[in-house]
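K.L.:
Shown below is the structure under consideration.
Any read-out appearing in this document is the output of simple, stated calculations on the displayed coordinates, not a laboratory observation. Only a predicted model underlies this, so the values are computations on that prediction, with no experimental measurement involved. Here the Cβ is made from the backbone with ideal geometry for all residues, glycine too, and neighbour counts use every protein chain on show.
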């Protein structure tokens, strides 16, 4: 898949150099001349990585970083600067920058950093999806528990399908009415004949959760 | 108010002594290590430090490698790094390892204290939240 890169710098030379270089490397590159333009671009489409100059006339890269951190949680932002200081490096990293690179840089080195930043973006996106899925699952379980209390054991097999499908990776497409009568009947049959399947489903949910948690822990 | 527990890691005796006396006067429980290797051993025995304060440039394993090693077993233990040789590279690397702060030596001891206090408080907050989670969890 083609990676999308946004280059933000008020210097035309830097924009053109980076756009040309990364286009050759098969990136899909967009450029912006200012913080405002960068925000506008990011509002219109999503990117994997953004290279943003630390200081531009209408605002700094760190301001852009803070502004988009909430809306683009996965995006890897690399701050570039010709005037590096320890304080601004700390500020950038603390605000959630993926890296802080000093100009002039070697293009090959920047390429290495951007490659890693793309991988980090994908990793974060996967984690965020898993996190959402776990939250979704927890909510469903809470709901089911309430229903189970109200309606008795009948919900058990249904819980099984929900878990199974969630583990298969389609937790958002399993609204209950989608199941036909015969399907429901079949699921109940299975659950009745083989209670261990039910246990297995619960276990696979744990496994799924564990995977999510371990991915979360691996990150950062 | 609970007593905060701090681990001080620095290969310079003078710094260790200075910080030891200072944090003692603030009612901290303090342990010190003169190397990352020693610090790792201490952390293995006592895993309940509220904050770890470590120098970066030390003989043997340096402070940044120490933070990385520490992160494997203590993912969220707050660490503050100190250095007399600040650089953009070490600052970026330290922050990426999720240190709480990067302090340049010579430091103002009051400022260092306020950073340590803030880090320790955050740690207490996390611990309490974790306890709640454990109690409420399945």
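K.L.:
Shielding of B:101-112 by partners, i.e. mean partner chain Cβ atoms within 10 Å per residue?
P.N.:
On the way: counts 2, 6, 0, 2, 0, 0, 0, 0, 0, 0, 0, 0.
For peptide B:101-112, the averaged partner shielding equals 1.
K.L.:
Divide by every residue of chain B the summed helix terms, -39500 (n - 2.57) for each DSSP H run of at least 4, and state the resulting mean residue ellipticity at 222 nm, rounded to the nearest 500 deg cm²/dmol.
P.N.:
Numbers: 5 runs with 71 residues, N = 138.
The per-residue figure over chain B is -16500 deg cm²/dmol.
K.L.:
Would you tell me the mean number of C-beta atoms belonging to other protein chains that fall within 10 Å of each C-beta in A:85-95, as a whole number?
P.N.:
Other-chain Cβ atoms within 10 Å of each residue's Cβ, averaged: 6.
K.L.:
Here is a further query. Once the convex hull of the C-alpha atoms of region B:5-136 is built, how many Å³ does it hold per residue, rounded to a whole number?
P.N.:
103 Å³
K.L.:
At what distance in angstrom do the alpha carbon centres of region B:46-79 and region A:19-61 lie from each other?
P.N.:
36 Å
K.L.:
Show me B:11-21, A:69-79 ranked by packing, highest mean number of other Cβ atoms within 10 Å first. Please report the intermediate quantities before stating the final value.
P.N.:
Numbers: B:11-21: 14.6, A:69-79: 18.9.
Descending packing order for the listed peptides: A:69-79, B:11-21.
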